[in-house]
Structures are given as C-alpha cells and as structure tokens.
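Everything on this sheet refers to the single structure shown next.
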Amino acid sequence: MIRSLKSWRHLLSDSSDLTAFIAGLPKAELHVHHVGSASPRIVAELAARHPEAGVPADPEALAEYFTFTDFAHFIKVYLAVVSLIRDAEDVRLLTYEIARDMARQSIRYAELTVTPYSSVSRGIPDGAFLEAIEDARRSAERELGVVLRWTFDIPGEAGLESAEETARIATEMTPEGLVSFGLGGPEIGVPRPQFKPYFDRALAIGLHSVPHAGETTGPETIWDALTSLRAERIGHGTSAVRDPRLLEHLAENRIPLEVCPTSNIATRAVESLENHPLAEMVKAGVLVTINSDDPPMFGTDLNTEYGIAARLLGLDAPGLAALARNAVEVSFLDTAGKARLREEIDTYLAGWQRHK
Ligand SMILES: [Zn+2]
C-alpha cells in the first residue's frame with residue numbers, strides 16, 4: 001500500500017515537473033487559427049468596443065460562455081467572435097493580443113491561419129485588413145518577442161468565390177508576413193481538387209501549401225491534398241493511420257502532420273485521447289508537430305497539448321524538446337530564425353538538465 005502510494009507520488013511530481021518544463025520550453029506553433037485564438041479576455045475587449053453587438057464584456061461571464069459543450073456550441077461562440085470583428089482596429093487588437101497570449105506560453109514563433117475572406121466579405125477593406133495584421137505582427141515581434149507569419153486559408157464552405165478572393169489577396173497584395181496558403185472548413189462535400197487552380201497561383205509566387213485534410217474524412221482526402229494541392233504539410237491528417245501506404249509516403253517524403261489532439265476530440269474526429277493515433281503516426285516514422293487549432297474555444301492551449309503529447313508518447317524533457325524542434329524544422333521560418341530558435345531550445349534543455 002505504502003509502496004503504491006509512493007510510486008503514485010513519484011508520478012505526480014514527475015508530471016508537474018514536466019508541466020513546468022513545457023511552460024518554459026521555447027516553442028513554435030504551426031496550426032492555430034486567428035479568430036479561433038480569441039480568448040475570453042480578448043473577446044471582452046472587443047465586446048466593450050461594440051456594446052451594440054450584445055456580447056457580454058465581462059471576462060468571467062465569457063469564460064463560462066466559452067466552456068466547450070459540443071461542436072454546435074463551438075460554432076456559436078466562433079460566430080459571436082466573428083460578429084465582433086467589425087473594423088481594422090478590431091483586427092489589429094485581436095492579432096496583437098493573440099501574440100500576448102502566445103508570449104505567456106513561451107511561444108516564440110507562430111504561423112497563424114488567417115481567413116481574410118471572412119473580414120473582407122463583411123466589409124473591412126482588404127488593404128486596411130492587411131495593414132492591421134502587419135502592424136500587429138511588427139509590434140508583437142518588437143514588444144513581445146513573438147514572431148508571427150501568416151497562412152491565408154480558403155474557407156471551404158464559402159465556395160469558389162472565397163477561393164478566388166483569397167488567392168487574389170494572397171497573390172496580388174502579398175503582405176510581408178505571408179508564407180503559406182491553406183484550406184479549412186468542412187471536408188465532407190467539399191472535395192479538395194476543385195481548389196487546385198487557386199493553390200497553383202499561390203504556389204507560383206512562392207507560398208507553401210498547407211491544407212487541412214483527413215480530419216473528418218478518410219485518407220483519400222489526404223492523397224487529394226498531396227496530389228492536387230501539392231501539400232507540404234497536412235493540417236490534422238488523423239485518418240492517415242488507416243492507410244499504411246499513405247503513412248509510408250508521408251514518412252518517406254517527410255511530409256509532416258500538424259496534430260491537434262484536444263481539437264480532434266472536441267470535433268469527434270477521434271473518439272477519445274486514449275484512441276488518438278499520434279503514437280501510431282510516430283511509430284510509422286511520420287514527422288508530427290503538436291498544435292492547438294482553436295485553443296480557447298476548445299478549452300486548451302499549446303502547453304496543454306504538449307502535456308497530452310508527453311502522455312500519449314511517453315516523453316520526458318529531451319523528448320519534448322525534440323517535439324518542439326520538429327515544429328521549428330518544418331516551419332517556414334528563415335534559416336537564421338530557425339537556427340536561433342533551435343539553439344534557444346537546446347540551451348533551455350541543457351539548463352533544465354543541469355538543475356535536475
Ligand atoms: Zn485547423
């Protein structure tokens with residue numbers, strides 16, 4: 001009895017140690033959405049700017065409203081936030097405050113998925129929208145030490161008109177921070193190949209291809225993303241484990257999967273954390289990165305996702321540092337930036353091990 005209690009205590013101190021390690025670990029995040037990152041604190045600020053919208057401006061009431069119940073509620077919260085983003089100043093505030101939340105988690109670099117179509121189609125002029133995110137990006141880097149880059153994504157449910165508009169903004173107005181082109185929204189009934197011409201245009205100006213695929217549909221959608229959209233990384237890709245040939249292809253060609261464990265449970269792409277295919281992906285030699293997707297709306301953050309990955313993969317501090325290095329490696333940060341961040345991770349790990 002005493003012995004089992006001891007071993008239980010040992011486990012507890014071990015995991016709280018790892019939690020502290022994760023909290024300070026310099027990290028890169030590659031799959032996280034702009035509007036989906038609005039925390040109750042940020043929404044309260046936006047609501048105070050627009051009292052006529054009828055969204056409570058009290059962070060505590062909002063925190064309760066944000067509590068994830070089911071996917072339908074998530075959509076409701078998401079749309080409430082969208083309705084609060086009415087002018088360029090809202091966009092700037094949202095973007096900068098997201099970076100502040102990232103800085104608190106030791107996130108040094110993030111590729112934020114932005115959907116310009118949502119704002120532009122709601123009446124914010126494209127130029128003002130781009131100026132707002134770029135202004136926030138520069139301030140975040142200077143004042144918070146968080147380097148932001150953009151993925152502009154097509155909201156698949158909005159059809160080809162949104163694809164055209166997103167490709168136009170990306171290729172004709174290309175803001176400095178833009179590195180990649182994505183595709184989100186539902187997968188069922190929204191075949192990937194129809195977006196090929198838009199991806200072709202984005203890739204032609206040097207953007208990288210990072211569509212969502214294989215989250216709510218099978219491995220064939222991932223194949224489509226690879227062949228039609230020339231995907232360099234796959235958003236989610238949870239169904240890849242159903243196709244051994246695909247796993248082999250991803251491993252051989254070093255095409256990473258951007259895994260978001262809590263999101264997968266929330267959207268029911270995966271039944272439970274115990275059944276999450278993360279370990280299977282790693283065992284097959286596929287490069288994985290850990291991400292938070294729409295963190296406050298799924299009641300998570302990147303540090304929590306790293307904790308979950310540690311549990312699913314049985315990782316210790318060096319294992320977690322390796323996971324953080326993966327994200328740096330397959331990011332679209334420039335070579336010097338990658339080297340700096342890698343070194344920061346290594347120094348942090350070495351310091352941690354010295355004090356153990
Ligand atoms: Zn996503």
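The values are calculated or read from the model by the stated rules, or taken from the named source; none is laboratory data. Since we're looking at a predicted model, the values are computed, not measured. Reconstructed Cβ throughout: ideal geometry from the backbone, glycine too, with neighbour counts over all protein chains shown.
Of all residues in the range 70-104 being among the basic types (K, R) and closer than 16 Å to V120 by Cβ, which is nearest to the chain's Cα centre (by Cα)? Before the answer, list the steps.
As a first pass, look at the range 70-104 and keep what is among the basic types (K, R): 76, 86, 92, 100, 104.
With closer than 16 Å to V120 by Cβ added as a condition, the list becomes 86, 92.
Numbers: R86: 23, R92: 19 Å.
Ranking the qualifying residues of the range 70-104, first place goes to R92.
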Counting only residues that are closer than 17 Å to D294 by Cα and touching a residue at least 40 places away in the same chain (Cβ under 8 Å), the range 48-83 contains a total of 9
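Which of the following residues is within 14 Å of the ligand (Cβ to nearest atom) and either crowded, with 17+ Cβ neighbours inside 10 Å or not aliphatic (A, V, I, L, M) (or both): G206, G237, G218? Before you say what the answer is, go through the steps one by one.
Values: G206 fails: within 14 Å of the ligand (Cβ to nearest atom); G218 fails: within 14 Å of the ligand (Cβ to nearest atom).
Of G206, G237, G218, the one residue that is within 14 Å of the ligand (Cβ to nearest atom) and either crowded, with 17+ Cβ neighbours inside 10 Å or not aliphatic (A, V, I, L, M) (or both) is G237.
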For F68, all conditions in the list (1) assigned to a helix (DSSP H, G or I); (2) surrounded by fewer than 18 Cβ atoms within 10 Å (Cβ to Cβ) hold save one; what is the number of the exception?
(1)
Matching residues in the range 316-343 - criterion: being more than 29 Å from L207 (Cα to Cα) and either without any contact (Cβ under 8 Å) to a residue 24 or more places away in the chain or within 16 Å of the ligand (Cβ to nearest atom) (or both):
G319
Pairing a residue in the range 244-268 that is in contact (Cβ under 8 Å) with a residue 24 or more places away in the chain and over 12 Å from E305 (Cα atoms) with any residue that is acidic (D, E) and away from the ligand (no atom under 11 Å from the Cβ), where Cβ atoms lie under 7 Å and the two sit 6 or more apart in sequence or on different chains, gives I255/E232
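Quick grid of which residues meet (1) at pLDDT below 95; (2) over 23 Å from S180 (Cβ atoms); (3) away from the ligand (no atom under 16 Å from the Cβ):
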residue	(1), (2), (3)
H31	no, no, no
P51	yes, yes, yes
I75	yes, yes, no
I85	no, no, yes
T95	no, no, yes
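Here's the yes/no breakdown for (1) touching a Leu at 6+ places or on another chain (Cβ under 6 Å); (2) surrounded by 14 or more Cβ atoms within 10 Å (Cβ to Cβ):
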site	(1), (2)
L287	no, yes
S292	yes, yes
D301	no, yes
G314	no, no
R342	no, yes
Filter the range 242-275 for residues that are farther than 19 Å from V330 by Cβ and away from the ligand (no atom under 13 Å from the Cβ) and give the result.
R242, D243, P244, R245, I265, R268, V270, E271, S272, L273, E274, N275
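Hey, does the range 55-67 have a residue that's at pLDDT below 95 and within 16 Å of the ligand (Cβ to nearest atom)? Full working, then the answer.
Filtering the range 55-67 down to residues at pLDDT below 95 leaves 55-67.
From what is left, the residues that are within 16 Å of the ligand (Cβ to nearest atom) are none.
No, the conditions are met nowhere in the range 55-67.
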Residue satisfying condition, being touching an Asp or Glu at 6+ places or on another chain (Cβ under 8 Å) and over 30 Å from P59 (Cβ atoms), within set A279, A322, A339, A284
A284
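Go through the range 131-161 and count every residue that is touching a strand residue (DSSP E or B) at 6+ places or on another chain (Cβ under 8 Å) and touching a residue at least 12 places away in the same chain (Cβ under 8 Å). Even if it seems obvious, please write down each step before you answer.
The initial filter retains those residues of the range 131-161 that are touching a strand residue (DSSP E or B) at 6+ places or on another chain (Cβ under 8 Å), namely 133, 136-137, 140-141, 145-156.
Now narrow it down to the ones that are touching a residue at least 12 places away in the same chain (Cβ under 8 Å): 133, 136-137, 140, 145-156.
Number satisfying all stated conditions: 16.
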Return a yes/no flag: does the range 105-128 have any residue that is away from the ligand (no atom under 16 Å from the Cβ), buried (at least 20 other Cβ atoms within 10 Å of the Cβ), farther than 22 Å from A47 by Cβ and over 17 Å from the mean Cα position of the chain (by Cα).
yes
Please state which one of N303, N291 is in contact with a strand residue (DSSP E or B) (Cβ under 6 Å, 6 or more places away or on another chain) and either of a type in the set (S, T, N, Q) or touching a residue at least 60 places away in the same chain (Cβ under 8 Å) (or both).
N291
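Quick check on A225: is it among the small types (G, A, S), within 16 Å of the ligand (Cβ to nearest atom), under 30 Å from G299 (Cβ atoms) and part of a loop (DSSP other than H, G, I, E, B)?
Working: among the small types (G, A, S): yes; within 16 Å of the ligand (Cβ to nearest atom): yes; under 30 Å from G299 (Cβ atoms): yes; part of a loop (DSSP other than H, G, I, E, B): no.
Considered against the rule, which asks whether it is among the small types (G, A, S), within 16 Å of the ligand (Cβ to nearest atom), under 30 Å from G299 (Cβ atoms) and part of a loop (DSSP other than H, G, I, E, B), A225 comes out as no.
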Considering only residues of the range 170-203 that are within 16 Å of the ligand (Cβ to nearest atom), over 30 Å from R138 (Cα atoms) and surrounded by fewer than 23 Cβ atoms within 10 Å (Cβ to Cβ), which is nearest to the chain's Cα centre (by Cα)?
P186
